[in-house]
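Undergrad: Let me begin by handing over the structure; questions about it come next.
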Amino acid sequence: MPELPEVETTLRGISPHINNQTVAAATIRQNKLRWPVPDHLGGTLQNQTVRACNRRAKYLLVQFDTGILLIHLGMSGSLRIFTEGDPHIEQPGKHDHIDFTFANGTVLRYHDPRRFGAVLWFAGAPEHHPLLTGLGPEPLEAEFNTDYLYRKLHSQKRAVKLALMDNAVVVGVGNIYANESLFKAGISPKRPANKITKKESERLTEAIRAILQRAIETGGSTLRDFVNSDGQSGYFQQEYNVYGRHNQPCRQCGSPIQKETIGQRGTFYCTHCQK
């Protein structure tokens, strides 16, 4: 599943191409995604101009004068940019479900083989959308700090990894980056959240920031289905310390990386380096 760095990479890829551009048409080839694509979407967006592109958690928000286009990439979705004259504009594939065509000839194409993603319209402020209310802070913004994380973790007994993956605690720290952040902070993913000390919370906050920033710099992870707006995969996978490295030697101490299931998700860690 595309996680925060992949979604941020997508945002940075599409924004320069569609900001301040006017929608000429929206072509919907398949409206049965996680939730039905609104029938009125084409008519609603026609002749509207993109005012801003933002991200909240794993949602992309395209702002118009009368509302927002909310896009989630689901398990396998991606967005591609095609400019006028590109032969692929006229050759949509089987899983290319929606095209947003702009007046300057640019096309933003939504691709989603599994159709678990979403393309929704909301005539209101983003913070009022039901999918966005109740979300925790962004991990790369000032609201996410040591004091906040320690306070949140101190109030719950579940495994710290599960707490980190809860969007009500902090958004966008999915499975891959939770594994990697806990390794960097030297904390076992199985530790009860309320047993994490203030000092460990500081290390963990710094680790989450560093891991996510590095993943964004490298274009996200080379996930099976993810490509960015240019059709390229990310490269953070080449830097994984624990994720997907079961029984391989730890890059720090040489001990074999262990794998367990926590909250139905594969969890990778080093028993020597993480306590």
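Undergrad: Exactly one condition in (1) of a type outside the set (S, T, N, Q); (2) open to solvent by less than 10 Å² (accessible area, probe 1.4 Å); (3) in contact with a helix residue (DSSP H, G or I) (Cβ under 9 Å, 6 or more places away or on another chain) is false for Ala159; which is it?
TA: (2)
Undergrad: Please work out if Ala215 is within 16 Å of Leu4 (Cα to Cα), modelled with pLDDT of 95 or more, within 21 Å of the chain's Cα centre (by Cα) and among the small types (Gly, Ala, Ser). Break it down stepwise before answering.
TA: Details: within 16 Å of Leu4 (Cα to Cα): yes; modelled with pLDDT of 95 or more: no; within 21 Å of the chain's Cα centre (by Cα): yes; among the small types (Gly, Ala, Ser): yes.
No, not satisfied.
Undergrad: Now a separate question. Would you be able to say whether some residue in segment 176-186 is polar (S, T, N, Q), touching a Phe, Trp or Tyr at 6+ places or on another chain (Cβ under 6 Å) and part of a helix (DSSP H, G or I)? Before you say what the answer is, go through the steps one by one.
TA: To start, the set of residues in segment 176-186 that are polar (S, T, N, Q) comprises 179, 181.
Add one more test, that the residue is touching a Phe, Trp or Tyr at 6+ places or on another chain (Cβ under 6 Å), and what stays is 179.
Remaining after also requiring part of a helix (DSSP H, G or I): 179.
Checked segment 176-186: at least one residue is polar (S, T, N, Q), touching a Phe, Trp or Tyr at 6+ places or on another chain (Cβ under 6 Å) and part of a helix (DSSP H, G or I).
Undergrad: Right, here's the next one. For Ile71, state whether it is within 18 Å of the chain's Cα centre (by Cα), modelled with pLDDT of 95 or more and not hydroxyl-bearing (Ser, Thr, Tyr).
TA: yes
Undergrad: Quick check: anything in segment 47-54 open to solvent by 10 Å² or more (accessible area, probe 1.4 Å), over 20 Å from the mean Cα position of the chain (by Cα) and within 16 Å of Ile28 (Cα to Cα)?
TA: No; the residues of segment 47-54 include none that is open to solvent by 10 Å² or more (accessible area, probe 1.4 Å), over 20 Å from the mean Cα position of the chain (by Cα) and within 16 Å of Ile28 (Cα to Cα).
Undergrad: A further question follows. Does Arg191 meet the test of being over 20 Å from the mean Cα position of the chain (by Cα) and of a type outside the set (Val, Ile, Thr)?
TA: Numbers: over 20 Å from the mean Cα position of the chain (by Cα): yes; of a type outside the set (Val, Ile, Thr): yes.
Against the criterion (over 20 Å from the mean Cα position of the chain (by Cα) and of a type outside the set (Val, Ile, Thr)), Arg191 qualifies.
Undergrad: Select from segment 129-151 the residues that are in a loop (DSSP other than H, G, I, E, B) and surrounded by fewer than 14 Cβ atoms within 10 Å (Cβ to Cβ) and list them in ascending order.
TA: Applying the first criterion (in a loop (DSSP other than H, G, I, E, B)) to segment 129-151 yields 129-145.
Within segment 129-151, Pro130, Thr133, Gly134, Glu141, Ala142, Glu143 qualify.
The values are calculated or read from the model by the stated rules, or taken from the named source; none is laboratory data. Computed from a predicted structure; not experimentally measured. Quick reminder, even Gly has a Cβ in these numbers, built from the backbone with ideal geometry, and neighbours come from all protein chains shown. Keep in mind that these areas ignore ligands, DNA and RNA; they rest on the heavy atoms of the full protein, side chains included. Shrake-Rupley method; radii C 1.70, N 1.55, O 1.52, S 1.80 Å.
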